[in-house]
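What follows is calculated from the coordinates using simple rules that are stated; it is not laboratory data. As the structure is a prediction and not an experimental result, all values here were calculated from the model. Here the Cβ positions follow ideal geometry from the backbone for every residue, glycine too, while neighbour counts run over all protein chains shown.
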Amino acid sequence: MPEQTTSPQLIPTTYVQVAVPVPMRQLFTYQIPLDMQQPSIQVGERVAVSFGKRDVIAIVLSITNECDVDVKKIKPITKRLNDSFHLSDSLVGFLNLCASYYHHPIGDVFQQALPKLLRQVKKLDIQPPMVWHSQDRTETSQEQLDKIAKRAPKQYALFQLIDKHQGIGWAELRTLGYSKAQLNALTNKALIKEIKQKPKKFSWQEQALAQENKQRLSTAQAIIVAAINQSTEQFSCHLIDGITGSGKTEVYLQAMENVLANNQQVLVIVPEIGLTPQTLLRFEQRFNVPICLHHSNLNDTERLDTWLSAQQGCAAIIIGTRSAVFSPLHQLGMIIVDEEHDSSLKQQDSFRYHGRDIAILRARQLNIPIVLGSATPSFESLQNALSGKYQYHQLQQRAGKSSKAKIALIDVAKQQIEFGLSGSLKHEIKQTLARGEQVLIFLNRRGYAPAINCQECHWLCDCQRCDKPYTFHQKQQLLICHHCGSQKRVPRQCPSCGSVRIAPVGQGTEQLEQRISDIFPDVSVVRIDRDSTRKKGELTKLLQEITEKKHQLLIGTQMLAKGHHFPDVTLVAVLDGDGALFSFDFRASENMAQLLIQVAGRAGRASKPGKVLVQTSYPDHPLLQDLVHNGYQHFAKQALIERKQALLPPFSFQALIRAEANYPSYPEKFLRTLTEQRLTNCEFAGPLPAAMGKKAGKFRYHLILQSKSRKELHIAILQLLNAIPNNEWQHKVRWSLDIDPIDLNW
Ligand code: ADP
Ligand code: ZN
Ligand code: ZN
């Protein structure tokens with residue numbers, strides 16, 4: 001028996017096992033000093049502990065009166081923190097599940113799931129959030145409003161939103177594209193005011209639903225809503241495979257009604273919220289309930305506010321990017337994952353979780369329905385739907401009046417190309433512009449040119465740290481490596497032959513934007529990519545200008561391909577449709593098909609029919625042919641047959657171990673040593689150099705583990721993890737583990 005039974009204390013010592021924010025796959029034991037034992041400590045509580053030389057926040061995961069570690073070595077916890085930030089048992093259970101599924105250090109999982117302010121030891125000063133309300137109406141204010149309605153429609157729309165919602169925060173208004181200046185203008189006219197408001201628990205009221213915005217569902221939509229609502233008290237997973245504009249969002253909105261009316265919360269996960277103010281607007285217009293946003297553009301306080309409103313049940317709907325899946329929702333009744341195929345739902349560093357997959361885990365844990373939606377479902381989800389694991393719903397018609405866009409290929413090999421545009425494409429663009437409609441040109445390459453070279457000896461200017469060409473950015477007059485970010489001036493002379501004839505090769509969006517004005521001099525061109533939208537708020541502004549038809553030609557990278565609705569775009573041109581036709585990654589064709597179909601989905605959303613033109617050098621390629629003539633579903637089903645024959649995911653399960661070091665032999669040997677392990681029903685592929693074999697000066701290697709059984713894959717991973725402490729190369733490399741990897745390039 002431990003010594004404490006003979007000590008003079010009557011209360012037995014309490015020990016806690018806690019998750020500490022360090023990259024170690026274990027818990028740590030601390031003792032609770034006597035003066036901190038009341039009230040009794042709970043699982044999920046935040047405590048401060050000293051770890052190494054610092055004080056850190058740890059989460060209590062188990063409590064015991066006994067301890068099998070040397071008692072003298074156990075340190076006491078330093079402090080118990082403010083009690084209102086407990087993690088619920090359900091959230092603790094969920095995070096434990098995540099850590100064990102991804103074999104990721106538990107402390108890091110908790111760390112990533114908590115807002116930054118809750119990870120700091122210092123005392124929190126929680127203030128009720130500031131929110132906007134409308135002022136009581138007077139005769140003068142009514143006159144003011146009538147004037148605003150005529151002269152400043154945007155300001156008027158802002159007023160209406162605030163007037164309807166009474167208590168909307170700046171984070172939401174900002175996302176919807178409103179500015180501080182507009183708020184100030186309304187404040188100065190005494191129409192609205194900003195107040196501190198203590199959040200209160202949300203409860204459903206009749207008028208919370210804006211009936212007037214509801215669409216009458218088509219039969220196909222109604223069947224889906226009914227299927228989802230049939231089982232709100234139990235786990236069920238629904239995949240809505242519906243083309244862009246087929247009414248998936250309308251289905252989400254109507255399926256949510258029941259859940260909200262039951263005073264339960266809904267979590268909506270989207271790939272990148274900065275890109276979808278339209279989504280938020282539709283939720284705001286439909287439901288007059290507190291909606292909170294969760295995404296990377298929030299500051300620390302806003303993040304904490306969202307966390308608290310979820311936890312206290314004040315927020316009815318949380319819309320957020322992948323990490324919103326960790327929101328401490330206290331009455332969660334339904335999860336929706338929109339654009340479930342999107343790769344940005346997967347975190348690609350440290351804790352490599354897939355937002356969709358763990359959303360499913362959470363729904364299962366809570367026994368609630370989850371709805372996945374996409375116009376281009378991931379093969380994983382599609383296979384689960386086809387095999388009956390998920391309920392499969394299809395929407396193959398555009399809702400309302402609009403018709404489906406037609407896709408056609410343009411063979412560039414047979415035509416003269418000017419600035420990347422073929423003659424027939426130019427003709428189509430001209431006609432579309434002449435009709436007063438907008439054109440979207442998709443080119444997935446930002447910068448001015450993807451490389452520069454010497455025109456005499458063909459020397460190519462490579463980044464030495466990545467062995468890949470530098471991208472030329474003309475506006476900044478800089479060469480930038482898009483892999484490691486390193487920058488360099490353009491050399492005056494070729495280091496190889498001394499020639500001064502150094503010139504850009506190929507075309508990026510920056511160049512296209514400049515050049516296209518030569519062909520279409522009288523139209524306004526806007527470019528949307530990471531460079532043109534770096535400034536905060538710029539993207540929202542540009543999108544707004546597009547909607548207002550200030551620009552006729554839209555040039556963009558995949559940023560433009562996602563989720564936006566451009567009702568007046570009737571022609572989408574894909575300049576280079578060949579990008580992934582010949583990649584070695586087995587997912588490349590899936591990704592390319594998804595991207596093409598998603599871009600195509602931007603065309604003809606309103607009542608005007610749309611057209612999609614894809615330039616290619618391989619118009620006979622079976623993949624393109626299948627996609628164009630038979631659509632994504634057919635293409636995907638064919639590809640699934642091939643995956644099955646090759647025993648590739650989703651017909652097998654993979655884990656990827658990546659290793660990198662300054663010398664190529666280290667990662668190679670580290671991984672090779674791992675392959676000496678004998679595994680059951682699990683195979684190794686590799687070690688091999690990664691496709692991006694060198695990045696930022698580090699050499700990178702891969703080892704893939706594959707098994708037909710998920711269970712056996714996990715057993716094998718545990719075996720490998722146990723073997724790593726004895727691997728003599730382990731300290732010479734940086735390694736990481738990726739369960740269900742989706743990017744095999746790195
Ligand atoms: P998705 O999410 O699949 O892209 P949406 O739900 O956004 O589709 O619907 C596309 C457009 O069609 C929207 O403007 C929406 O209001 C409208 N819509 C959706 N369902 C219906 C319906 N049943 N009747 C009429 N219009 C509809
Ligand atoms: Zn040269
Ligand atoms: Zn580089």
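For the chain, what is the percent of antiparallel DSSP beta bridges, rounded to the nearest 5?
Close to 55 percent.
Only Lys, Arg, Asp and Glu count, each charged at its Cβ (+1, +1, -1, -1), so figure out the dipole size of the chain about its Cα centre, rounded to 20 debye.
Result for the chain is approximately 1200 debye, rounded to the nearest 20.
Find, among the trypsin sites (Lys or Arg not before Pro) in segment 176-271, those assigned to loop by DSSP (not H, G, I, E, B) with at most 14 other beta-carbon atoms within 10 angstrom.
Answer in residue order: Lys200, Lys201, Lys214, Arg216.
List the relative contact order of the chain as a percent without decimals, with contacts defined as Cα pairs under 8 Å and 6+ residues apart.
Result for the chain is 10 percent.
Normalised radius of gyration for segment 602-698, please: alpha carbon Rg relative to 2.2 N^0.38 Å, two decimal places.
Against the compact-globule rule of thumb, the ratio is 1.68.
Residue by residue, what Karplus-based ³J(HN,Hα) values in Hz, rounded to whole numbers, does segment 518-524 have, using 6.51, -1.76 and 1.60 with θ = phi - 60° and x for Gly and Pro?
Couplings: 5, 7, 10, x, 9, 10, 8 Hz.
How many times 2.2 N^0.38 Å is the alpha carbon radius of gyration of segment 206-389?
0.96
Highest mean first, how do 234-240, 653-659 rank when packing is the count of other Cβ atoms within 10 Å averaged over residues?
Listed from highest to lowest mean packing, they are 653-659, 234-240.
Please state the Cα pair-distance histogram of the chain with 10 angstrom bins from zero: what percent is in each bin?
2, 12, 20, 24, 21, 13, 5, 2, 0, 0
Highest first, please rank the peptides 284-294, 386-396, 491-501, 112-122 by the mean number of other Cβ atoms sitting within 10 Å of their residues.
Per-residue Cβ counts within 10 Å, averaged per peptide and sorted highest first, yield 284-294, 112-122, 386-396, 491-501.
Beyond a 27 Å Cα-Cα separation, which of these cross-linked pairs lie in this structure: Lys193/Lys248; Lys150/Lys541; Lys147/Lys549; Lys669/Lys695; Lys116/Lys535; Lys164/Lys198?
Those over the limit are Lys193/Lys248.
What does the charge count around Gln211 come to, taking other residues whose C-beta lies under 12 Å from its C-beta (Lys +1, Arg +1, Asp -1, Glu -1)?
Every neighbour counted, the sum reads 0.
So if I take the centroid of the Cα atoms in segment 622-667 and the same for segment 284-309, what is the distance between those two points in Å?
Value for the Cα centre distance between the two parts: 36 Å.
Test of the criteria: in segment 365-464, which GluC sites (Glu not before Pro) are in a DSSP loop and have at most 15 other Cβ atoms within 10 angstrom of their Cβ?
Those satisfying the criteria are Glu456.
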